Amino acid sequence: MNNTIAELIKEHLKNSSWQALANNIAAANRFRLEAYENKQLTVAQSKQAKQEQGKGKKGQQTKKTKPPKITLDRRKLQDLAKGKTNIPLTIYEMELLDTYFIRNGGPGLAELPVLRRQEDLFQVLGKADRVSFFIGARFVDSVKTEMIARWDVSALNAMRDRVGKDTATESYYVPTRNVGRPLEQKEWRSLRSQATGNVIVSIASPIANASTEYLLAEMFDIHAYRTRAVLPPVCFAHANDDSPSAFVREPVDVEGMNSDEAALLVNGQPHVSNNEGAEYGVVIGQRTAPDHAAFVVAGNTGPGTMAAAEFFATSQINETLPRYANSDKQPILVAIISTDVSSAVTDRRIDNRTVANTKMIGRSMVFEYSSRKWAVAGE
């Protein structure tokens, strides 16, 4: 909270000294007292009038009370502006700052992300009238048709179970890597305009599903398919391919990774996986309107995608996000899922790997955009 208040204090300090700022805040306190006294006087007069209208009851004066006179010492203001932690603020001091900020044409404390009313993001999913799923489909020459990977089918079924029987669902298959070029922006817009759900879910990574690329680009408010794009370290990305995706990195570009490894990059940390052993997936969510939300469920490989979807279906991800506010960059929830991948029998014709011990790594994180970068809320 202090870091956010610090930005507001610094903004109001531009044309003022510390002592002048403290004096101006004290003036806001006088305004608060006057407003309080006027309200109390109006209430007292109303009560007295009602009493005088009673049957033979003598009117009585109502005793007025005043809020305490609160000031903010300039040294405390300096500590807050420096972003120091554990600076105690009473409710009256917060009310004083709130009054000052609003009187000077700025946002009040209630508008700050950390103080907005928090709501469970997944309540939007539970209340949805319809959920629209986007699944990547790849053209297979041998059968001359578009097919969906079995891992993605399993992920779709798990997600449908999470939604419940009372919510309608619809599925859209996104042609991916079958025409030698990424899905174009106009094609994505046309496809998305067909979706009628107030919640949309894209399954699999940008490599396997072009809709994930565009949905992530919308979440982070950047351009899709920016080759070798430089993203802030907290932005979600895969490291396992040379795809032109804005959310894919080559392993050689990640410190400590081998060229034959794959990883999820979240908050600047690589979570390295193997075909057999540890595998990682991710669930990303964001409010897109007051009663709308978008989710991406993806893994480095198919098993990671399925594991993320199955964990999503357990309802164990329940992080809260601020209510939707008009902004280009809404807070983003990121949950990293790990699972163990193994296979009892090796058969090149059948992907018979299995997943077990699926769990979330730590807690889900909430990223907010401030000072031109994405950062974990509260850090």
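Defining a contact as two alpha carbons under 8 Å apart and six or more residues distant in sequence, what relative contact order in percent does the range 120-376 show?
Reported relative contact order: 18 percent.
Among 238, 292, 223, what is the fewest-to-most ranking by other Cβ atoms within 10 Å?
Going from sparsest to densest Cβ surroundings: 223, 292, 238.
How long is the range 252-379 along each principal axis, judged by its Cα atoms, biggest number first, in Å?
52, 33, 24
So which of 127/186; 186/329; 165/186; 165/359 end up more than 27 Å apart, counting from Cα to Cα?
Going by Cα-Cα distance, 127/186; 165/186 fall outside the 27 Å limit.
Can you give the FRET efficiency for residue 371 and residue 74, using 1/(1 + (r/R0)^6), R0 = 25 Å, r = Cβ-Cβ distance, to the nearest 0.05?
So, using R0 = 25 Å, E works out to roughly 0.55.
Divide, for the range 120-376, the radius of gyration over alpha carbons by 2.2 N^0.38 Å, where N is the residue count.
This ratio for the range 120-376 stands at 0.95.
Could you list 18, 151 in order of exposure, starting from the residue whose Cβ has the fewest other Cβ atoms within 10 Å?
Exposure proxy ranking, most exposed first: 18, 151.
What FRET efficiency do you get for residue 328 and residue 258 if R0 is 41 Å and r is their Cβ-Cβ distance, rounded to the nearest 0.05?
Working from the Cβ atoms, E equals 0.60.
Roughly what % antiparallel, to the nearest 5, for the DSSP beta bridges in the range 120-376?
The antiparallel proportion sits near 65 percent.
Please state the Cα pair-distance histogram of the range 152-218 with 5 angstrom bins from zero: what percent is in each bin?
The percentages, shortest bin first, are 3, 15, 27, 25, 17, 9, 3, 1.
Bear in mind these aren't lab numbers, they're just calculated from the coordinates by the rules spelled out. Quick caveat: nothing in here was measured; it's all calculated off a predicted structure. Cβ atoms come from the backbone with ideal geometry, glycine included; neighbour counts cover every protein chain shown.
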